[in-house]
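Report on one structure; see the data block that follows.
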Amino acid sequence: MTGQELPLNQILHGDAVQVMRKLPENSIDLIFADPPYNMQIKGNLTRPDFSKVEGVDDNWDKFDNYQAYDEFTSTWLKAARRVLKPEGAIWVIGTYHNIYRVGKSLQDLGFWVINEVIWEKTNPMPNFKGVRFTNAHETLIWAKQNKSCKYTINYHAMKPFNDGKQMRSTWNLPICKGKERIRVNGESAHSTQKPLSLLYRVILASTNPEDVVLDPFFGTGTTGAAAKILHRNWIGIESDQTYIPIAQERIKRIKIEDFSPEAFNIRDEKRLAPRVPFSRLLETGYIKPGQSLYFNQDPSQAAKVKPNGILQFGKFTGSIHQTTKHILNGKPANGWLYWFTKDKQGRYISIDLIRENYRKDQNHSSGEKDKIS
Ligand SMILES: C[S@@+](CC[C@H](N)C(=O)[O-])C[C@H]1O[C@@H](n2cnc3c(N)ncnc32)[C@H](O)[C@@H]1O
């Protein structure tokens with residue numbers, strides 16, 4: 001690797017630390033790491049019918065002791081920190097075997113935890129021995145470079161993944177099975193292939209199109225596959241040569257119909273939009289003092305707007321949010337979504353739409369306000 005060039009959309013063969021040390025510093029927007037878990041599996045695990053369970057018994061998951069694992073973890077995290085941009089972020093996934101140790105290392109190095117996300121597996125593997133609860137989740141730590149630095153979060157854009165509500169830190173997703181699971185000669189190609197849905201969420205939530213996502217433990221290339229689908233650049237590092245052609249072929253087969261910026265733009269317009277207080281709509285003539293507002297389009301629940309944007313609802317006075325809460329018997333709610341004006345034809349128009357029109361007019365200076373006066 002020469003100069004400051006990044007080997008975009010390529011898999012680099014080698015040890016994660018050695019390869020990261022050759023990458024330019026401050027060059028990566030997001031790191032997703034699914035490092036060895038140090039599961040310490042001894043002997044074969046079998047089902048009650050004595051068939052063999054495909055567990056994680058690979059050589060790459062073996063460490064002599066906790067100390068060796070801790071050294072490995074802090075070394076690769078240091079290398080990761082160097083290549084990450086100041087406003088970049090890192091996700092690390094793990095299980096109870098390693099995630100506490102990874103979390104300590106992250107914090108010791110100065111990373112600042114943004115969220116811990118629990119991936120709850122909808123179809124976990126049972127505990128075949130029946131000696132404890134089945135491990136039905138994995139933990140992801142999402143961290144930024146330090147407490148004060150910025151990072152990317154597509155906050156509003158993630159709401160559709162939780163029925164339009166604020167995205168939660170618990171994600172219910174199936175493990176990678178069936179058609180999604182890559183097989184070679186009938187056997188799983190990799191013991192820990194992650195579901196595409198998991199990486200899809202991670203990348204969508206915390207990067208923008210054309211950002212660079214680095215995965216230092218690439219395996220079957222799930223990170224690269226999700227990045228390509230989402231029009232992000234990716235770089236993979238993998239020490240085991242056998243996985244590389246499998247991942248390359250997987251990513252090559254993904255075809256995207258439309259790479260236009262519009263198709264991928266989920267920049268959070270709502271968050272980026274300037275805040276518009278309700279009173280602004282009065283002082284700019286979009287809503288008139290004395291005008292009636294109707295709660296949920298119900299003519300029997302009308303309020304009058306005072307010149308400062310306060311509503312008079314019977315004997316109650318308050319902001320659009322306070323009045324909404326009053327009507328909903330104390331349940332807090334976003335008043336913008338409950339109140340409507342009526343136009344000359346008697347059609348109800350949401351004040352949220354009026355606010356949108358105000359914003360558009362500010363952007364285009366093209367005055368649509370006559371529509372609603
Ligand atoms: C838990 S798996 C990652 C699986 C991957 N997320 C997927 O969906 O296929 C860890 C991967 O890291 C690789 N690995 C282990 N130690 C490594 C190292 N020091 N440098 C680079 N890769 C390493 C292993 O070969 C393995 O493929």
Per the rule of 0.36 nm per residue minus the C-alpha distance, extending GLN312 to GLU5 adds in nm 104.3 nm
Rounded to the nearest 5, what % of the DSSP beta bridges within the chain are antiparallel ones?
60
Pulled fully out, how much extra length does the chain show between VAL113 and ASN127, if you take 0.36 nm times their separation in residues and subtract their Cα-Cα distance?
2.0 nm
Amide H contacts under 5 Å for ILE114, restricted to residues at least 5 apart in sequence or on another chain and with H modeled in the peptide plane, are TRP142, ALA143, LYS144
Pairwise FRET efficiency - THR152 versus TYR100, Cβ, R0 = 30 Å, nearest 0.05
0.65
Using θ = phi - 60° and the Karplus curve 6.51 cos²θ - 1.76 cosθ + 1.60, what whole-Hz ³J(HN,Hα) does each residue of segment 313-319 get, with Gly and Pro shown as x?
10, x, 8, 8, 10, x, 5
Sequence ranges 342-350, 241-249, ranked by mean other-Cβ count within 10 angstrom, highest first:
241-249, 342-350
Indicate the gyration tensor shape class of segment 10-271 (rounded, prolate or oblate), computed on the Cα atoms with a ≥ b ≥ c the square roots of the eigenvalues: a/c under 1.5 is rounded; otherwise a/b larger than b/c is prolate and the rest oblate.
rounded
Expected 222 nm ellipticity per residue - DSSP helices of 4 or more, -39500 (n - 2.57), all of the chain, to 500:
-7500 deg cm²/dmol
Percent antiparallel among DSSP beta bridges (both partners in segment 46-170, rounded to 5):
95
For ILE327, ILE256, ascending order of other Cβ atoms within 10 Å (fewest first) is ILE256, ILE327
Degrees separating the helix 66-83 axis from the principal Cα axis of the chain, which is the longest one
50
Below 8 Å, C-alpha to C-alpha, sequence gap of six or more: please give me the relative contact order for segment 10-271 in percent.
23
Those lysines that a straight Cα-Cα span of less than 17 Å connects to LYS325, excepting residues fewer than 8 apart in one chain:
LYS304, LYS315
Trypsin sites (Lys or Arg not before Pro) restricted to segment 50-137 and DSSP loop, no more than 12 other C-beta within 10 Å:
LYS129, ARG132
On a 0 to 90° scale, report how tilted helix 196-206 is relative to the longest principal axis of the chain, with both axes built from alpha carbons and the result rounded to the nearest 10.
50
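Since every read-out is calculated from the coordinates, none of them should be taken as a lab result. Quick caveat: nothing in here was measured; it's all calculated off a predicted structure. Please note: Cβ atoms are built from the backbone with ideal geometry, for glycine as well, and neighbour counts cover all protein chains shown.
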